[in-house]
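Where a number appears in this text, it was derived from the coordinates with a stated rule and is not lab data. A quick note: this is a predicted structure, and the numbers were derived from the prediction, not measured. Using ideal geometry, Cβ is built from the backbone for each residue, glycine included, and neighbour counts are taken over all protein chains shown.
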Amino acid sequence: MNLPVEFTDKMKRLLGAEYEDYIACYKEPRWYGLRVNTLKISVEEFEKICPFEIKKIPWIDNGFYYDGEKEQPSRHPYYFAGLYYLQEPSAMTPANRLPVEPGDRVLDVCAAPGGKATELGAKLGREGILVANDISSSRAKGLLKNIEVSGIGNVLVSSEEPGKLENYFAEYFDKILIDAPCSGEGMFRKDKKVIKAWEEHGPSFFAKIQRNIITQAARMLKKGGWMLYSTCTFDEEENEGTIRHLLREYPEFTIQPIEPYEGFEKGLKGKSGEDELEKTVRIFPHKMHGEGHYLALLKKGDPAEKEILKKSGKRPKKLPEELLEFLKQVRTPISLERLEIYKERVYLMPEGLPDVQGLRFLRTGLYLGDVKKNRFEPSQALAMYLQKGEYPFCVDLSCQDERVMRYLKGETIDVDDVCAQKEKGWRLVCVDGYPLGWGKLAGGTLKNKYLPGWRWA
């Protein structure tokens with residue numbers, strides 16, 4: 001691999017005697033990882049049903065390696081059911097090390113394609129709120145799909161400049177993750193195209209962007225809140241330099257220790273010898289089975305008095321009867337006071353939202369479905385949100401059943417042999433008990449309602 005001379009000279013200075021070990025790792029194959037979606041299945045249950053060979057990632061409690069040359073987990077029905085997310089092993093670390101708890105208000109500033117956001121949503125469970133943002137509207141569309149496949153409902157998916165978000169969410173969030181745009185030096189081994197991008201836009205270009213983002217995010221974090229900053233580069237200006245900039249601008253922030261792993265390297269002190277920066281973490285591919293990364297965990301001052309989310313106190317809205325009839329069958333609490341209908345679309349809004357009119361959203365809350373001509377049609381997002389026991393009318397197929405693939409391709413299937421209830425109506429189609437989408441039953445035949453844009457190609 002032809003690496004830029006400016007880059008190799010920098011890595012020689014950074015690594016010293018370890019430089020040859022680092023260069024040697026470019027001849028080794030990359031590592032492939034998948035992260036279990038604990039919103040849908042426990043790690044233990046996944047290990048029991050996993051159809052391919054996996055090995056634990058030692059520093060990620062729900063992460064596994066798989067052989068990317070032999071296995072194709074993206075072609076298995078469990079992938080379509082959202083049981084796991086495919087993610088480079090080192091890239092799993094930021095969301096894993098940010099201490100998110102159910103009920104938190106969480107912001108993922110640069111969230112596409114969704115690897116970190118989906119883990120943050122799993123940590124929240126169905127409590128609190130996740131704001132997943134990406135400035136690129138095209139990337140945000142891919143983010144939205146991954147959020148919905150993962151079954152996350154307490155979410156806002158936005159496509160805005162972080163500076164504009166700041167106008168609406170000042171000191172609002174308990175936890176913030178910034179996986180900042182960067183020069184990508186840690187990904188050179190994985191993707192050679194990154195090298196060309198590095199030559200066009202070097203570290204200094206990205207450092208300016210990073211410093212804007214981290215200070216904007218700092219103003220959206222509550223007192224006592226936690227923020228994790230990460231990049232996939234080795235450059236000191238982008239990494240420790242960005243953290244120094246934050247601490248100069250906002251001295252109420254302190255660097256916090258990150259749960260250790262034997263392969264983690266300390267951050268760089270720098271010329272002025274700031275010992276605190278050693279609490280940040282550098283990940284090198286010659287030290288661990290993963291690509292290059294940098295992490296810094298920060299806390300903003302002392303916590304303010306805990307805010308208690310108040311119920312809205314609104315009177316129940318006048319809602320369409322067909323919607324209410326459908327919701328009566330759903331066996332998980334859905335607050336009618338939090339339902340909003342916009343142009344026939346029905347949404348379950350997260351609790352405790354500020355007024356966000358004026359922001360560009362791809363999704364606000366859980367999209368439940370559409371009210372059309374005196375009938376309600378449930379959405380693909382609702383199917384992925386539900387668990388099998390939360391809807392009484394299911395068609396459950398084994399992953400070995402050829403009808404699963406036919407369903408994922410959008411075909412009509414015969415399900416008379418697996419349907420206990422024969423009456424017409426909506427059925428939640430599952431694979432081994434995990435929802436895939438909707439179908440409409442009539443006479444033992446299931447009309448396919450799997451979302452066209454998600455179908456098996």
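Using the Karplus relation 6.51 cos²θ - 1.76 cosθ + 1.60 with θ = phi - 60°, the per-residue 3J(HN,Hα) values for the range 114-121 come to x, x, 7, 4, 5, 6, 4, x Hz, with x marking Gly and Pro.
Need one number: nm distance between label points at Ala420 and Lys388, each 7 Å from Cα along Cα→Cβ, rounded to one decimal. That separation, rounded to one decimal, is 1.1 nm. Taking 0.36 nm per residue of separation and subtracting the Cα-Cα distance, full extension of the segment from Leu86 to Asp21 would add 20.6 nm. Phi angles of the range 127-136 translate, via the Karplus equation with coefficients 6.51, -1.76, 1.60 and θ = phi - 60°, into HN-Hα couplings of 10, x, 8, 10, 9, 10, 10, 8, 5, 8 Hz per residue; Gly and Pro are given as x. From the coordinates of this entry, Rg and Dmax of the Cα atoms in Å is computed, and it appears in (i) 21.9, 65; (ii) 23.4, 76; (iii) 24.3, 83 under the label (ii). Please compare each pair in Lys40/Lys123; Lys175/Lys266; Lys373/Lys422; Lys318/Lys373; Lys318/Lys388 to a cut-off of 19 Å on the Cα-Cα distance and tell me which ones are over it. Lys175/Lys266; Lys373/Lys422; Lys318/Lys388, as the Cα separations exceed 19 Å there. Relative to the longest principal axis of the Cα atoms of the chain, the long axis of helix 203-220 makes an angle of roughly 60 degrees.
Ranked by the mean number of other Cβ atoms within 10 Å of their residues, highest first, the peptides 422-433, 1-12 fall in the order 422-433, 1-12. In this structure, the amide hydrogen of Asn37, modeled 1.01 Å from its nitrogen in the peptide plane, lies closer than 5 angstrom to those of Tyr84, Tyr85, counting only residues at least 5 positions away or on a different chain.
Distances between placed amide hydrogens fall under 5 Å for Gly128 paired with Gly103, all partners being 5 or more residues away or on another chain.
Protection proxy ranking, highest mean first, for peptides 335-343, 364-372, 288-296, 198-206: 288-296, 364-372, 198-206, 335-343, where packing is the per-residue count of other beta-carbon atoms within 10 Å, averaged.
The packing ranking, built from the mean of other Cβ atoms within 10 Å per residue, places the peptides 184-197, 404-417, 250-263 in the order 184-197, 404-417, 250-263, highest first.
Each residue of the range 322-331 was assigned a 3J(HN,Hα) from its phi angle through the Karplus curve 6.51 cos²θ - 1.76 cosθ + 1.60 (θ = phi - 60°); the sequence is 5, 5, 4, 5, 5, 5, 4, 7, 7, 9 Hz, with glycine and proline shown as x.
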